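J.: Dumping the structure here so I can ask a few things about it.
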Amino acid sequence: MGWWNRLKGRMTGRAAGVALPAADASAAPADPRPCQRCERQARTLLADGQVKEALEFAQRQAPPTSSSRMLLNVCRSLAGRRVDAHLDLLDWSKHSCCPMDARLLLGLLQLDEGDRAGAVHSLNRNLVQIDDPRTIQALILVHLERGDEAAARRWAQRLRGHAVNWTDRPMVSVWLAAVGLDVAESAVEPPDALVEQLALELLACESAISSLEAAARYDRSRPRAMLLLAALESAFDRLESPVAACEAMARLALTLDDPARARRWIDAGLSLNPLCAPLAILLSQLPSAEEAPVDEPRRRPDIHVLPHRREQIEALDLVIRAHPDWTDLRLARRRLEAA
């Protein structure tokens, strides 16, 4: 039951103020501030381990919101009033408005009481709404607890293949390995549905492209870089500022160690704007064809796309003539000459 104890610990953390459902504004009293203070105080006390005191404050809010009701049942579970929590959660779980966290907590209580079938039923109700990764993780643990490894592996495949979790595949792999499941990797390329969803979001907010690209490089997440690059390529023909996207895609391709792809997007951007300084500098930073080992074309078929030093210098000189006071360009040119 060690896994479940850790899961319950995370549930307690959420009840103490992390990722609980938003309060139902329609159910709030005319002056919500006293109730809000009670809920905040209850969360603070619970985070400090003062469960009974937290329960006293959690009981004061009336009428309860979704978040305060969830908090109350967490306090009841930890304060020795599990039957009260179980009955309230069981009644709540029958309604479509029940938060997924509530059914997850109900499943934990049912499992602790030995009602594995009830726990599976409660958790499956969550998946009617959405493929919630935490619920799938809980179902994996339930089936492992029952000794049904085949069912656990089926859920593990679903967890790994779920689009929302695609960028977190390394973390998912570590978690599955920790519970003793060795599940084969899913497809390398990001799911089409996730690519198109991100492409639409990028089209709606093109100003976020450079920040997302920098973040993908900063956390060195290969799946995130692959997903962002695929989404940018999908959205490219619909972008209002394609040159900035070309720079982002070239940098992402270099992060993925794909110089051929980087060169393609550098060339595309420079054809649209030959005076784009960042792209000219990126071209100068690619390994030049003169530096490639003699046997490199046999080992790397894409080596022919590497620029010649003459091309790199010409691209820089064109921008330097337009902007003679830009020191970054001159530094890049001097590096090329010294190479």
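J.: When the stretch 135-153 is examined, which residues are found to be surrounded by fewer than 16 Cβ atoms within 10 Å (Cβ to Cβ) and either among the charged types (D, E, K, R) or touching a Phe, Trp or Tyr at 6+ places or on another chain (Cβ under 7 Å) (or both)?
T.: Glu145, Arg146, Asp148, Glu149
J.: Could you grab the pairs with beta carbons closer than 9 Å, sequence gap of 6+ or different chains, first residue in the stretch 112-135 and in contact (Cβ under 8 Å) with a residue 24 or more places away in the chain and over 24 Å from Thr167 (Cα atoms), second one of a type in the set (Phe, Trp, Tyr) and surrounded by 15 or more Cβ atoms within 10 Å (Cβ to Cβ)?
T.: Asp112/Trp4
J.: Where the second residue is part of a loop (DSSP other than H, G, I, E, B) and at pLDDT 85 or above and the first is closer than 12 Å to Arg76 by Cα and lies in the stretch 45-63, which pairs have Cβ atoms under 6 Å and are six or more apart or on separate chains?
T.: From the stretch 45-63, the pairs are Val51/Ala79; Lys52/Ala79; Leu55/Ala79.
J.: Here is a follow-up. Could you list all residues from the stretch 17-65 that are at pLDDT below 60, of a type outside the set (A, V, I, L, M), closer than 18 Å to Cys98 by Cβ and exposed (fewer than 15 other Cβ atoms within 10 Å of the Cβ)?
T.: Of everything in the stretch 17-65, just one residue is at pLDDT below 60, of a type outside the set (A, V, I, L, M), closer than 18 Å to Cys98 by Cβ and exposed (fewer than 15 other Cβ atoms within 10 Å of the Cβ), namely Ser26.
J.: Also, quick follow-up: Looking at Ala250, Ala315, which one is in a helix (DSSP H, G or I), more than 16 Å from Ile209 (Cα to Cα) and modelled with pLDDT of 90 or more?
T.: None of the others qualify; the one that does is Ala315.
J.: If you go through the stretch 254-273 one residue at a time, how many are surrounded by fewer than 22 Cβ atoms within 10 Å (Cβ to Cβ) and under 26 Å from the mean Cα position of the chain (by Cα)?
T.: The number of residues fulfilling the criteria is 6.
J.: If I go through the stretch 210-247 residue by residue, how many of them are in a helix (DSSP H, G or I), under 19 Å from Glu189 (Cβ atoms) and among the hydroxyl-bearing types (Ser, Thr, Tyr)?
T.: The number of residues fulfilling the criteria is 1.
J.: Residue check, Ser68 against (1) surrounded by fewer than 20 Cβ atoms within 10 Å (Cβ to Cβ); (2) among the hydroxyl-bearing types (Ser, Thr, Tyr); (3) touching a helix residue (DSSP H, G or I) at 6+ places or on another chain (Cβ under 6 Å), all met but one. Which one?
T.: The number of the failed condition is (1).
J.: Here's a follow-up. Which of (1) exposed (fewer than 15 other Cβ atoms within 10 Å of the Cβ); (2) over 22 Å from Leu228 (Cβ atoms) is the odd one out, the single condition Gly118 does not satisfy?
T.: Checking Gly118 against (1) exposed (fewer than 15 other Cβ atoms within 10 Å of the Cβ); (2) over 22 Å from Leu228 (Cβ atoms), the one that fails is (1).
The values are calculated or read from the model by the stated rules, or taken from the named source; none is laboratory data. As the structure is a prediction and not an experimental result, all values here were calculated from the model. Note that we place each Cβ from the backbone using ideal geometry, even for glycine, and neighbour counts take in every protein chain shown.
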